[in-house]
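Engineer: Got a structure for you, questions after.
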Amino acid sequence: MITRSTPLSKILEIGKPCNRCGHCCRFNSGFMIEEDIDRIAEFLKMDKDLFIKTHLTEHELFHTKVFKPIMIKGDKPYGQCIFFDKVEGCKIHEVKPLFCRITNCFAYSQDLIAWFYLNYLVNPDDPESIRQYASYLESGGKLIPGGHLHELVPDKEKLNKILNYELL
Ligand code: SF4
Ligand code: SF4
């Protein structure tokens with residue numbers, strides 16, 4: 001069972017199976033955390049700022065800034081990841097983002113994504129992050145053990161204040 005505190009080594013094992021068909025990379029791109037950016041920029045022998053400017057787009061999820069590789073969309077609302085090549089597959093496979101290494105399309109896909117959210121994007125010290133996570137749960141977002149609101153903010157009074165916008 002995947003929980004919020006499942007160690008990364010275990011998550012990497014669970015997320016590893018992938019037949020590299022490239023289907024997911026044709027329609028989306030993975031989140032990139034800071035350490036991914038440094039590693040991939042180095043792999044491509046590019047200056048970090050230039051790499052960000054030319055290959056990534058900035059997003060915000062759970063009130064946390066996060067990057068994603070540019071998607072080549074054309075006139076569609078989705079598109080293939082800038083690192084995807086029809087013949088080669090992922091052009092940065094050896095150093096691909098953690099999100100791409102730990103998520104796949106198999107049985108635990110939603111749990112793995114929820115684990116990533118909880119460990120990298122949901123910030124228990126940021127009331128707005130907690131409120132946005134609460135909305136995600138209310139709208140049917142995947143909940144894994146350790147990811148209940150009261151587990152992220154054990155102080156009941158504080159949690160109520162956050163949810164009632166008394167703590168901004
Ligand atoms: S970085 Fe690689 S694995 Fe991740 S979405 Fe892009 S092509 Fe796919
Ligand atoms: S995660 Fe699934 S869809 Fe994506 S490349 Fe691997 S097997 Fe294909």
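The values are calculated or read from the model by the stated rules, or taken from the named source; none is laboratory data. Note that this is a predicted model, so its numbers are computed, not measured. Cβ atoms come from the backbone with ideal geometry, glycine included; neighbour counts cover every protein chain shown. The area values use the complete protein model at the heavy-atom level, side chains included, leaving out ligands, DNA and RNA. Shrake-Rupley method; radii C 1.70, N 1.55, O 1.52, S 1.80 Å.
Engineer: Using a probe of 1.4 angstrom, how much of the accessible area of segment 109-168 is carbon and sulfur, in percent?
Structural biologist: Details: 1540 of 3230 Å².
Whole-percent figure for carbon plus sulfur exposure: 48.
Engineer: How big is the convex hull of the Cα atoms of the chain, per residue, in Å³?
Structural biologist: On the way: hull volume 22.6 nm³, N = 168.
Taking only Cα atoms, the chain has a hull volume of 135 Å³ per residue.
Engineer: Could you pull out the GluC sites (Glu not before Pro) across segment 96-168 that fall in loop regions by DSSP (anything but H, G, I, E, B) with no more than 12 other Cβ atoms inside 10 Å?
Structural biologist: Passing sites in segment 96-168 are Glu166.
Engineer: Please report the base-10 log of the normalised intensity I(q)/I(0) for segment 109-168, using a Debye sum with one equal scatterer per alpha carbon and no solvent, at each q in 0.26 (1/Å).
Structural biologist: -1.13
Engineer: I've got another one for you. Can you give the accessible area of Cys24, probe radius 1.4 Å, in Å² rounded to 10?
Structural biologist: 90 Å²
Engineer: Based on the alpha-carbon gyration tensor of segment 29-91 and its eigenvalue square roots a ≥ b ≥ c, which shape applies: rounded if a/c is under 1.5, prolate if not and a/b is larger than b/c, or oblate? Before the final figure, lay out each step's value.
Structural biologist: Details: a/c = 1.86, a/b = 1.08, b/c = 1.73.
Oblate, because a/c is 1.5 or more while a/b does not exceed b/c.
Engineer: How high is the relative contact order of segment 117-168, in percent, with contacts defined as C-alpha pairs under 8 Å that are six or more residues apart? Mind showing how you got there, number by number?
Structural biologist: Values: 30 pairs, mean separation 19.4, N = 52.
Relative contact order here is 37 percent.
Engineer: Still on this structure, I have one more. Below 8 Å, C-alpha to C-alpha, sequence gap of six or more: please give me the relative contact order for the chain in percent.
Structural biologist: Relative CO of the chain lands at 28 percent.
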